[in-house]
Structures are given as structure tokens and as C-alpha cells.
Amino acid sequence: MPDILSLNSLYADICVTYATLSIIFFVLSRSEPFTFKGAHWKRIVFGVVAGFTALYLRNNRLVLVDDLSFSFEMLPMILVTFFGGWLSGLCSFIVAFLFSGMFTLNNLFIAIILCTLFTFRVWQRRKHRELYITIILVGIFRLALVSGIHGIDVPWSELLFYQVIAAGCMILCYHALNYKEMYMSKVFTIRVKAATDELTQINNRASIDYWLAQRQVQREACGLILLDIDNFKHVNDTLGHLAGDRVLIEVGRLLRHLTRNDDFAGRYGGEEFLVMTSNYDPDTLLAIAERIRKEVEDCLIILEDGRELKVTVSLGVSLYLPGMIIRKSLKLADLSLYEAKRQGKNRVVGSSILTLAALGDKRPPSRYP
């Protein structure tokens, strides 16, 4: 019996296939669940790792003719196509193609299989049925290819046994990755729900507290903009709580739209919201606050009964500087907000601490676009 069919060799190939794909899948899912719709660079990395895994698996093979052999090298390519889409599958094939003799009968066979998977877009309609059909077709096609080559002594019993083991390996790895994908998706769903305000769908108070604590631990200066919806109690009392909820939802939507990726917006409590920016330049902070004020003022809110409503917000602007107590920074923002209310509402008031912004300069602050 060929060495490829020894228990040690089969076990090693199965372990390498599963462990490599499982680990890279987990690594690529650290910030968000890895899917075929994810970032291009993640899908490329997934494919490249699968390509080098295929090259490693090719070392343990049963050579039938010079450019045709049996090994597990196709398995990682097929699996990454199912989970990472055509881009992952193509990248894995390119890597294996470039380092395995290029234009060989083996590579031609793999290309045909992958092109078939690409044509049917198996990653979009991924079901167990598609996997089993793929396994059956690969086995039939492979054995048919071998039987069509004249002049070689085909070890049929060994090849059939190998096909069964390869199919079992693919099924095992597929279901393991499928389970991992579902698990990671649930983890991130729970994480998002735990950090998101249910009504406004922006960050909740717990998330705000965590973000502020991280800033204090890392001693990183940041801008703080505290805003409060003007006359919100009057809206609730005259139009009802459903109208009040609609107002909160619209303000939350505007804040999501107006903040950058490296900034942070959350519902601080009741009708109060907090925006935190990595930029702490006073002029920039006041400009951001003014833009928020203007966007809310211009927003026309349509209530469920068709009535139209407009609201305004008052904003207090402050800073957190390294060495400060974060509660003190929030207190200064709250005092500025109170002053904006006292002056007539629908306005921005900056704290006196803005004059000390230079104390937070570890590097020149970038301008807000």
C-alpha cells in the first residue's frame, strides 16, 4: 500500500487541513465575522494561506504519472471557495499553480473543479447539498480522468479508499468551519447588542463608560461634545412618548451619519447624547458641534401619524486631557451644556478648558475634514 494511505500520513494531512484553515478563519474573525462579503484583504489572506497549505499537502502524494497525482491539496482550495468566495478560491489556486509546476494535468483538473464552483457561486447558496454534490463530482471526475490514461497500472482499491478518506476530511472540515462561522456570528451579535442602545441603535451608556475608561487608562486626549434635545419633555407631554422615541431615533441616526470611524457617539441617558472625537483642536470641536446643531435643526421628523416635527439641540463642548479625572471632563461639558440652555437653547457653548488643548499634544492634531 502506498505511503499516502498509511494512517500516520492520512491523520497528519487531516490535522494540517483542519488546523490551518480553522486558525486563519478565527484570526480573520477577531474584529468582525469573516464572510465572503468581508474585506478583500481578508479573503485574499484566507486564499493565500489555503494555497500554501495545498502546497504542503502535495508533498504527501501518490504519483500516477509525471503531472498527475492524488493528494489532499485540492481540499483547502475547495473549502476556502465555499467560505471566502471566488476571491479566496482564486488566490489559493494561483499560489498552488505558481509553485507546483504551473501547466500540469493536476493543476488543469483543479482549475476545472474551481471554475465549476465559481460558475455556480457555491458561497452564496452554501448548503450541505452543494458540498456533497461537489465531493461526488470531484470523485467521479478524478477516477474518470485516471481511467482515461493508458499505460499506467491503476491501484483502484487504494484510490477508492483514498477518495472515501478525502471526502470524510472535507466533510469534517466543512462542518467545523460552518459551526465556527455560526458561533462567531452569534458572538458578535451578542456583543453588538450589549453595546448598543436598543431604541436609537447607537452606543449605549455602558459602551460610553468603557470607551472613556480606555481613554483615561491610555492617557489619550479627546474632545467631548454633550448634547441635549431642547424641550424634549414638552414633546413627550403634548405628542406622546412614541413621538419622543421617534425624535431620539432621528437624532441617533444623524449622529451615526456625522461621526467618523475613529470617533464615537452614544446615548448618554434620556435625551442626552455624547460625541467623543480623537481630534481635540478647539476650533475643530466647535465646528463639529455647530454642524451637529445645524443638521438637527434642519431635520424634518415625520411622525407615525404623518405629522411633521422639528427639534433643536443644545451642546456643551469640553476636553479630556491626560492626567485629568474623566468625570471632571464630563462635568465641564455638562456645565457648558447648562450654559447653552441658559442662553436660550439651540446653541453651542465651549468650556474654558478648550484653551488648554495644547496640553494634550503628543503630536500635532489633524484637521477634521
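Selection of the stretch 327-369 for residues being of a type in the set (A, V, I, L, M) and at pLDDT 90 or above yields LEU330, LEU332, ALA333, LEU335, LEU337, ALA340, VAL348, VAL349, ILE353, LEU354.
Within the stretch 143-167, being part of a helix (DSSP H, G or I), in contact (Cβ under 8 Å) with a residue 24 or more places away in the chain and either of a type outside the set (A, V, I, L, M, F, W, C) or open to solvent by 70 Å² or more (accessible area, probe 1.4 Å) (or both) holds for GLU158, PHE161, TYR162, GLN163.
Open to solvent by 10 Å² or more (accessible area, probe 1.4 Å) and at positive phi - does that describe any residue in the stretch 294-312? Yes, that holds for at least one residue.
For residues in the stretch 54-65 being in contact (Cβ under 8 Å) with a residue 24 or more places away in the chain and open to solvent by 10 Å² or more (accessible area, probe 1.4 Å), which is farthest from GLY148 (Cα to Cα)? Filtering first and then ranking leaves TYR56. For the stretch 66-111, filtered to residues that are in contact with a strand residue (DSSP E or B) (Cβ under 8 Å, 6 or more places away or on another chain) and assigned to a helix (DSSP H, G or I), the residue that is surrounded by the most Cβ atoms within 10 Å (Cβ to Cβ) is ASN106.
Looking only at residues that are more than 29 Å from the chain's Cα centre (by Cα) and of a type in the set (D, E, K, R) in the stretch 46-79, which one is nearest to SER9 (Cα to Cα)? Per the criteria, the residue is ARG61.
Annotation note: Cβ proximity below 7 Å between a residue of the stretch 1-29 that is farther than 17 Å from MET184 by Cα and open to solvent by 40 Å² or more (accessible area, probe 1.4 Å) and a residue that is in a helix (DSSP H, G or I) and modelled with pLDDT under 85 (sequence gap 6+ or interchain) occurs for MET1/GLU158; ASP3/SER9. Take LYS180 and decide whether it is open to solvent by 30 Å² or more (accessible area, probe 1.4 Å) and closer than 30 Å to GLY139 by Cα. In short, yes.
Candidates are the residues of the stretch 342-362 that are assigned to a loop (DSSP other than H, G, I, E, B) and in contact with a Leu (Cβ under 8 Å, 6 or more places away or on another chain); the one that is farthest from ALA289 (Cα to Cα) is SER351.
Has the stretch 6-19 got at least one residue that is assigned to a loop (DSSP other than H, G, I, E, B) and closer than 21 Å to ALA166 by Cβ? Taking every residue of the stretch 6-19 in turn, at least one turns out to be assigned to a loop (DSSP other than H, G, I, E, B) and closer than 21 Å to ALA166 by Cβ.
No other residue among ARG327, ARG253, ARG267 is among the basic types (Lys, Arg) and crowded, with 23+ Cβ neighbours inside 10 Å apart from ARG267.
Of all residue pairs spaced 6 or more apart or on separate chains, none has beta-carbon atoms under 6 Å together with a first member in the stretch 271-291 that is surrounded by 21 or more Cβ atoms within 10 Å (Cβ to Cβ) and a second member that is among the polar types (S, T, N, Q) and at pLDDT below 95.
Of all residue pairs spaced 6 or more apart or on separate chains, those with beta-carbon atoms under 8 Å, a first member in the stretch 199-210 that is more than 24 Å from ALA243 (Cβ to Cβ) and at pLDDT below 90 and a second member that is in a helix (DSSP H, G or I) and open to solvent by 40 Å² or more (accessible area, probe 1.4 Å) are ALA206/ALA194. Counting only helices (runs of 4 or more DSSP H) that sit wholly inside the stretch 168-268, those with at least 2 residues that are over 25 Å from the mean Cα position of the chain (by Cα) and among the polar types (S, T, N, Q) are 232-239.
Every condition in (1) out of contact with any Pro (no Cβ under 8 Å at 6 or more places or on another chain); (2) open to solvent by 10 Å² or more (accessible area, probe 1.4 Å) holds for PHE188 except the one numbered (1).
Summed over the stretch 112-142, the residues that are surrounded by fewer than 18 Cβ atoms within 10 Å (Cβ to Cβ), under 27 Å from the mean Cα position of the chain (by Cα) and either hydroxyl-bearing (Ser, Thr, Tyr) or at pLDDT 85 or above (or both) give a count of 5.
The values are calculated or read from the model by the stated rules, or taken from the named source; none is laboratory data. A quick note: this is a predicted structure, and the numbers were derived from the prediction, not measured. Glycine also receives a Cβ, built like all others from the backbone with ideal geometry; neighbour counts cover every protein chain displayed. Areas reflect the complete protein model, heavy atoms only, side chains present, ligands, DNA and RNA absent. Shrake-Rupley method; radii C 1.70, N 1.55, O 1.52, S 1.80 Å.
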